[in-house]
């Protein structure tokens, strides 16, 4: 049995609250021990002096499982959206998708909530769970019918599966590529009001309260939506929320010059919404940060803004952008790491997300202070990121999956 010992680093386990120096010993693909003792004499040593050692990141809600990009970003598990070709509305497709990134990145699929993601007829959610699905998702758009959504939440509750929703009123956002306001008007872009999110959030929260379902709003991007979720959580509704870095770091002005790399879904919001989202991360209303990794091709993005496909590559920049919350004082480092480790593991019932003895030996080792500049041309895959050229701090130095070093930077 090969032993691997990581010494000298600042070890952070958000699941247990541990934060301090420790030696971690990995053996037989699990964490054998975490303590202050000297490593075994026969162990291979990784010196992490000056670095942070944490559980491998769990990226909760990607549209493509890109192993090279994930490993460069310290991501060892992903929760895969059902928007694949074909959609994951069949148990066989769910089962097949689990093998996409193995052995280096484990894929945990979400079963499509409806057949073909058309929002009309429920898919085989129970069989999807049996095939390995960790939740059911509406995909890139909301379910327009309240009756269908009610049936979905009721059905998913019977299987104790979380329902992952896209929170925008489908009728209001049809054909829109931007958020309604002065900026979209000046650019002549088809736009929808920001309250399209609040309408969907309010409906789904009410239905979740009625059914007792576990509701997860994948992207919460407006102040009004934040207020609704915060109030529902205070009432005991089983609702959680996530967000991607673009919606607390960028506002609608990022589309200046019709920059299609900033064409996202939901679209970028006003600066007051952006600040509300950052505050919601800080107070825990938003508990999960994900990359929304959606690496579009050049043919998809280098088009007139209204014709470009929404989405951005985000796996390789997830950690560095999330660390901006530490730098601005919104959250302490352990709390930031929790949004990408223990919180998604708890929501979706995943192994990992912790450094507890016996847990999978999935770890990321990173330099919190290392400066670098985001360069989409150097990404492992497509480089369509609205953060191209942005200077950031925080660099992954090593990704360990199942006790094996699978990436070094």
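The values are calculated or read from the model by the stated rules, or taken from the named source; none is laboratory data. No experiment lies behind these values; they were computed from the predicted model shown. A quick note on method: Cβ atoms are made from the backbone with ideal geometry, for glycine too, and the neighbour counts reach across all protein chains shown.
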Go through the range 292-314 and report how many residues are within 26 Å of residue 165 (Cα to Cα) and part of a loop (DSSP other than H, G, I, E, B). 11
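Being over 16 Å from residue 61 (Cβ atoms) and either in a helix (DSSP H, G or I) or touching a strand residue (DSSP E or B) at 6+ places or on another chain (Cβ under 6 Å) (or both) is the filter here, so list the residues in the range 214-231 that pass it.
Just the residues of the range 214-231 that are over 16 Å from residue 61 (Cβ atoms), to begin with: 222-231.
223, 224, 225, 226, 227, 228, 229, 230, 231 - these are the residues of the range 214-231 that are over 16 Å from residue 61 (Cβ atoms) and either in a helix (DSSP H, G or I) or touching a strand residue (DSSP E or B) at 6+ places or on another chain (Cβ under 6 Å) (or both).
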Pick out the one residue from 139, 132, 116 that is more than 22 Å from the chain's Cα centre (by Cα) and either modelled with pLDDT of 95 or more or in a loop (DSSP other than H, G, I, E, B) (or both). 116
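Could you list, in sequence order, the residues of the range 242-256 that are farther than 14 Å from residue 59 by Cα and within 13 Å of the chain's Cα centre (by Cα)? Working first, answer last.
Looking only at the range 242-256, we keep the residues that are farther than 14 Å from residue 59 by Cα, and these are 246-256.
The answer is 246, 247.
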Filter result (touching a strand residue (DSSP E or B) at 6+ places or on another chain (Cβ under 8 Å), over 20 Å from residue 336 (Cβ atoms) and outside any loop (DSSP other than H, G, I, E, B)) within the range 350-399: 360, 373
Looking at (1) within 30 Å of residue 133 (Cβ to Cβ); (2) at pLDDT 95 or above; (3) crowded, with 17+ Cβ neighbours inside 10 Å, find the lone condition where residue 324 falls short. (1)
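For the range 85-105, which residues satisfy the criterion of being under 24 Å from residue 219 (Cα atoms), touching a residue at least 40 places away in the same chain (Cβ under 8 Å) and either assigned to a helix (DSSP H, G or I) or more than 19 Å from the chain's Cα centre (by Cα) (or both)? Before the answer, list the steps.
Step one: list which residues in the range 85-105 are under 24 Å from residue 219 (Cα atoms), which gives 85-89, 94, 97-98, 105.
Keeping just the survivors that are touching a residue at least 40 places away in the same chain (Cβ under 8 Å) gives 87-88, 105.
Correct list: 87 only.
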Which residues, counting only those in the range 68-83, are touching a helix residue (DSSP H, G or I) at 6+ places or on another chain (Cβ under 7 Å) and either free of Cβ contacts under 8 Å to residues at least 24 places away in the same chain or buried (at least 24 other Cβ atoms within 10 Å of the Cβ) (or both)? 69, 70, 73, 74, 75, 78, 79, 80, 82
State all residues of the range 232-272 that are in contact with a helix residue (DSSP H, G or I) (Cβ under 9 Å, 6 or more places away or on another chain), within 14 Å of residue 204 (Cβ to Cβ) and either part of a loop (DSSP other than H, G, I, E, B) or free of Cβ contacts under 8 Å to residues at least 60 places away in the same chain (or both); if no residue qualifies, say none. 232, 237, 238, 239, 241
Is it the case that residue 108 is over 28 Å from residue 351 (Cβ atoms) and not in a loop (DSSP other than H, G, I, E, B)? no
Go through 278, 308 for me and flag whichever is buried (at least 17 other Cβ atoms within 10 Å of the Cβ) and over 22 Å from the mean Cα position of the chain (by Cα). 308
Tell me which residues, restricted to the range 352-369, are surrounded by fewer than 16 Cβ atoms within 10 Å (Cβ to Cβ) and either at negative phi or at pLDDT below 95 (or both). 356, 357, 369
Subset of the range 34-67, residues surrounded by fewer than 16 Cβ atoms within 10 Å (Cβ to Cβ) and in a strand (DSSP E or B), comes to 35, 44, 45, 47
State all residues of the range 207-226 that are without any contact (Cβ under 8 Å) to a residue 40 or more places away in the chain and closer than 20 Å to residue 195 by Cα; if no residue qualifies, say none. 224
Condition broken by residue 200, with the remaining ones in (1) in a helix (DSSP H, G or I); (2) touching a strand residue (DSSP E or B) at 6+ places or on another chain (Cβ under 8 Å); (3) more than 22 Å from residue 149 (Cα to Cα) satisfied: (3)
Find the residue count for the range 147-194, including only residues that are touching a helix residue (DSSP H, G or I) at 6+ places or on another chain (Cβ under 6 Å), within 30 Å of residue 257 (Cα to Cα) and outside any loop (DSSP other than H, G, I, E, B). 7
From the list 317, 285, pick out the single residue that is surrounded by 22 or more Cβ atoms within 10 Å (Cβ to Cβ), part of a loop (DSSP other than H, G, I, E, B) and touching a strand residue (DSSP E or B) at 6+ places or on another chain (Cβ under 8 Å). 285
Run residue 343 past the list (1) within 28 Å of residue 49 (Cβ to Cβ); (2) touching a residue at least 40 places away in the same chain (Cβ under 8 Å); (3) not in a strand (DSSP E or B) and report the number of the one that doesn't hold. (1)
